[in-house]
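Data first, discussion second: the structure below is written as structure tokens.
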Amino acid sequence: MDSERPPYATACSVDDFRRNLEAARARIAAACMRAGRDPSGVRLLPVSKTVPEARLRLAYAAGCRELGENKVQEAQGKAEAMADLTDLRWSVIGHLQTNKAKHVARFASEFQALDSLRVAAALDRHLQAEGRALDVFVQVNASGEASKFGLAPEDVAGFVRELPAFASLRVRGLMTLALMSSDPDRVRPCFALLRGLRQRLRQEAPDGIGMDALSMGMSGDFELAVEEGATVVRIGQAIFGARALPDSHYWPEPGRGSEGG
Ligand SMILES: *Cc1c(COP(=O)(O)O)cnc(C)c1O
């Protein structure tokens, strides 16, 4: 799979971004073909963490109208610096600490890593104060790795039952990070698990709680995710270029005091 691809080159021009976006869309379309799906049912969310503002403006010029960021402070700084691009939307896709909820409530249009009722309550309170609403995804730990955030699959149904209490949260579906592995036989079951969970929750979820969206798949595994039903793929390096920092910087072990957000 990904091990056979050359390292991701840094996109430094509008043309580079056009080419990378087009290539990613073509790979999504091919995966859809294999799975008998309509490519219009898959949303490509470009993930721009660590990428400086100047290059984000190139991505915007190439057509990006939404960007995903893992850390709140970085996302908010960029959102403020680029507030002149009024149709650019920000999606926060990384773990959130309760004390940062007020920032997310202010600038984000979407939060994909909801995994605690405390965070849900804090977001809802600040959203009410701002007169805003937020699309949210419930993050599930589908790989069983201790280093991942997200709810255990068996805890999701009970969690979702509590969410109607938070009127400003528009629940759209589920999000996960698969096992980090180049072996598709180990990665695919993580995606299949999320799809199975959605199937069950569609029957059980309370009124007003959406369960259509599945956010899964990154640069190294998005084609597998699309084959397994992803409706949102979060793609960073294949669009912007390789990151200098290792993935462990973004997915530290919970409880070690170096949480993102
Ligand atoms: C960084 C990140 C991605 C994208 O990873 P790439 O390897 O750059 O495609 C997807 N999801 C989350 C939660 C991330 O933090």
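The values are calculated or read from the model by the stated rules, or taken from the named source; none is laboratory data. Just so you know, these numbers come straight off a predicted model, no measurement behind them. Note that each Cβ is placed from the backbone with ideal geometry, even for glycine, and that neighbours are counted across all protein chains shown. We work out accessible area using only protein heavy atoms, side chains counted, and drop any ligands, DNA or RNA first. Shrake-Rupley method; radii C 1.70, N 1.55, O 1.52, S 1.80 Å.
Hey, among 146, 105, which residue is modelled with pLDDT under 95, more than 16 Å from the ligand (Cβ to nearest atom) and under 20 Å from the mean Cα position of the chain (by Cα)?
Details: 105 fails: modelled with pLDDT under 95.
When all the criteria are applied, what remains is 146.
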> Looking at 43, 27, which is the one that is within 20 Å of the chain's Cα centre (by Cα), touching a residue at least 60 places away in the same chain (Cβ under 8 Å) and either open to solvent by 60 Å² or more (accessible area, probe 1.4 Å) or on the phi > 0 side of the Ramachandran plot (or both)?
Replying inline: 43
> For the range 46-56, what are the residues that are over 26 Å from residue 98 (Cβ atoms) and either open to solvent by less than 40 Å² (accessible area, probe 1.4 Å) or without any contact (Cβ under 8 Å) to a residue 24 or more places away in the chain (or both)?
Replying inline: 46, 51, 52, 54, 56
> Being in a loop (DSSP other than H, G, I, E, B), modelled with pLDDT of 90 or more, away from the ligand (no atom under 13 Å from the Cβ) and over 18 Å from residue 189 (Cα atoms), is that true of even one residue in the range 211-224?
Replying inline: yes
>> Please determine whether any residue of the range 166-180 is surrounded by fewer than 21 Cβ atoms within 10 Å (Cβ to Cβ) and free of Cβ contacts under 8 Å to residues at least 24 places away in the same chain.
In response: no
> How many residues are in a helix (DSSP H, G or I) and in contact with a strand residue (DSSP E or B) (Cβ under 7 Å, 6 or more places away or on another chain) if we restrict to the range 1-56?
Replying inline: 4
>> Residues that are open to solvent by 20 Å² or more (accessible area, probe 1.4 Å), of a type in the set (Ser, Thr, Tyr) and under 25 Å from residue 165 (Cβ atoms): list the strands (runs of 3 or more DSSP E) wholly contained in the range 57-132 that include at least 2 such residues.
In response: none
